[in-house]
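The values are calculated or read from the model by the stated rules, or taken from the named source; none is laboratory data. Not measured: the values here are computed from a predicted model. Please note: Cβ atoms are built from the backbone with ideal geometry, for glycine as well, and neighbour counts cover all protein chains shown. In case anyone asks, the SASA skips ligands and DNA or RNA and just uses the protein heavy atoms, side chains included. Shrake-Rupley method; radii C 1.70, N 1.55, O 1.52, S 1.80 Å.
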Amino acid sequence: MRTRLFRAAGIVLGTVLLAGCGSATVARTATRTPGKVPQSSASAARHTPHVTTPVRSTATTPKSNATTTPSTTPATGPTTPKPSAQTTSPTIVKTRVRVFTPFHADGTPSVPVTRTRAGTCWTSSVAAPVRGAYRCFGGNEILDPCFVASEDAAGVLCLTSPWATAQKLTLRAALPADAPGLDATRPWALELANGARCVAVTGTAPAVAGVSLAYSCGKRHGAALITSRGSLLTAHYAKFDDSALRTIGVAVAWRA
């Protein structure tokens, strides 16, 4: 009987001990299980590593066009200046010399005669200082040069340039003797490489940069021979109001 009581008491005590052990186990298990007990924010911030998530840009990057469109802007480079009668001159390697012949072999004029009047001659020509060329008066106008066909001719043929028409003077008096020191090599007129036509000045010649422009090339320009002999003649050329000269080749030199 006593033995049974002890066994029953042992069973009850064992059950109580087992129950206590089980509660302790459960408590310890609950403590170790993550997520069961909330942590403080400070602890979470201290132990949780900060991970920065890259933000994907929503902007769309334009794709480059694989086909390159050629530029329409003209390339910069050396330019060829447009020809100008006053600024551009072709290369002249030799001057062509032409001799003006006012009369045919039979004594008739070789150029058209547009006027006839009476006049007199008093000295040799300044524009064309050669034998048989004179400086004359036609009314109140000085005409130079005036050419004679023969010494006993009754008239002379006067021109302002080799490419002009002529007027005829019927002489009122005999022709003067030729002046001394005539220079037959001095051209009467020039055709320059830039196309300008110039005629010898018979009065006061304007000067540019200290050089007397002895040839008039129209109303605003003048020229002066640098070399008057050789295969290539050259000349200074400038506007009358310029301060500098330019050198230019002579394409054609006209002599009387």
In nm, what is the difference between 0.36 nm times the number of residues separating E141 and V99 and their Cα-Cα distance?
12.5 nm
Regression test value, accessible area per residue of the range 163-256, probe 1.4 Å, units Å², expected 48 Å²
Heavy atoms only, 1.4 Å probe, whole protein assembly: order E141, E151 by accessible area, highest first.
E151, E141
Tell me the accessible surface of Y134 in square angstrom (1.4 angstrom probe, heavy atoms of protein chains only), to the nearest ten.
20 Å²
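Need one number: convex hull volume per residue for the range 92-176, Cα atoms only, in Å³.
Numbers: hull volume 9.1 nm³, N = 85.
That works out to 107 Å³ per residue.
I want the local charge near G132. Using Cβ-Cβ distances under 11 Å, sum +1 for each Lys or Arg and -1 for each Asp or Glu among the other residues. Write out the running numbers ahead of the final one.
Details: positive: R131; negative: E151, D178.
In short, -1.
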Distance in Å, no decimals, from the C-alpha centre of the range 137-178 to the one of the range 183-256 is 24 Å
Would you mind telling me the share, in percent, of accessible area of the range 109-226 contributed by carbon and sulfur at probe 1.4 angstrom?
51 percent
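Ordering T204, T114 by how much accessible area each has at a 1.4 Å probe, largest first, what is the list?
On the way: T204 135, T114 100 Å².
My answer, sorted largest first, is T204, T114.
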Any idea what the relative contact order of the range 134-221 is, in percent, if you count C-alpha pairs under 8 Å spaced at least 6 apart?
15 percent
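Sum up the charges of everything whose Cβ sits under 13 Å from the Cβ of A209, counting Lys and Arg as +1 and Asp and Glu as -1, but leave A209 out. The partial results should precede the final answer.
Details: positive: K239, R246; negative: D241, D242.
Value of the local net charge: 0.
So, counting K/R as plus one and D/E as minus one, what does the shell of residues with Cβ under 13 Å around V252 add up to? If you can, show how the numbers build up before the last one.
Numbers: positive: K94, R96, R98, R197, R255; negative: E191.
Neighbourhood net charge equals +4.
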Sort K168, K94, K219 by heavy-atom solvent-accessible area, probe 1.4 angstrom, most to least.
K219, K94, K168
Using protein chains only and a probe of 1.4 angstrom, how many square angstrom of R98 are accessible, to the nearest 10?
100 Å²
